[in-house]
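What follows is a single structure, written as structure tokens, with notes after it.
No value in this document is a laboratory result; all are computed from the given coordinates. Please read these numbers as outputs of a predicted model, since none were measured by experiment. For neighbour counting, all protein chains shown are included, and Cβ atoms are generated from backbone atoms with ideal geometry for every residue, glycine included.
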Amino acid sequence: MHTARSSGRALAVAVLPLLLVAAACGSNVTSPSPSATSGGPTPSPSPDSSTPPTAVPTDPGMTVRPSPPSQTDTDWGRIWDALPETFPAFPGAGPTEIGDGPTSASLDVGDADPAEVAAFYESALERAGYATLTNSGPREDGSWEIESTGPSACRVRTTVTPLGGTTVVEILYGADCPFE
């Protein structure tokens, strides 16, 4: 005897394997979202895992600060791998790859006189609140080295070296120095 109940079971037995295969294949079955006229809150979209989260300030006046750079151990001590934006810069200085070992900055200042460049950095760092510990130069190779100290045991070494037709400034900005 064929009843509606037995045909429902047969249909369920036939459909169940198809549903299991669809689930195993990773199909995404979602329920429809409520319509705008339903009066309920509008659901927010689900986060997309391929898009990195964006930092959003919680207060209107807040700004998101970038993370400070990494640090490197050197023979001189631990340094920041970059300089803060507020660090003094000789006019016309630009980044360069010339130099030995890790630095916080290696700068090409063109054909500027090394003594003039050294005097600029000594004076600019003193105006920024650093004290000059030593100013050595000119050395036999025409280079200058300035050791400065700032708040919280912060140390800075500035080396100015003439290299043929250009002058290079290498700065080691100690890891104890503030990075703002």
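How would Val169, Val109 line up from fewest to most surrounding beta-carbon atoms within 10 angstrom?
Listing Val169, Val109 from fewest to most nearby Cβ atoms yields Val109, Val169.
Under 13 Å from the Cβ of Leu133, count the other residues' Cβ atoms, weight Lys and Arg +1, Asp and Glu -1, and hand me the total.
-2
For the stretch 71-173, what is the Kirkwood estimate of the hydrodynamic radius, computed as the reciprocal of the mean inverse distance between distinct Cα atoms, to one decimal in Å?
Over the stretch 71-173, the inverse of the mean reciprocal pair distance is 13.6 Å.
Find which of Cys154, Ile171, Thr103 sits farthest along the positive direction of the dipole of the stretch 71-173, computed with +1 on the beta-carbon of Lys and Arg, -1 on that of Asp and Glu, about the Cα centre.
Working it through, the farthest residue towards the positive pole turns out to be Cys154.
Could you work out how much longer the chain between Trp76 and Cys154 gets when fully extended? Use 0.36 nm per residue separation minus the Cα distance between them, nm to one decimal.
Value of the extension gain: 26.8 nm.
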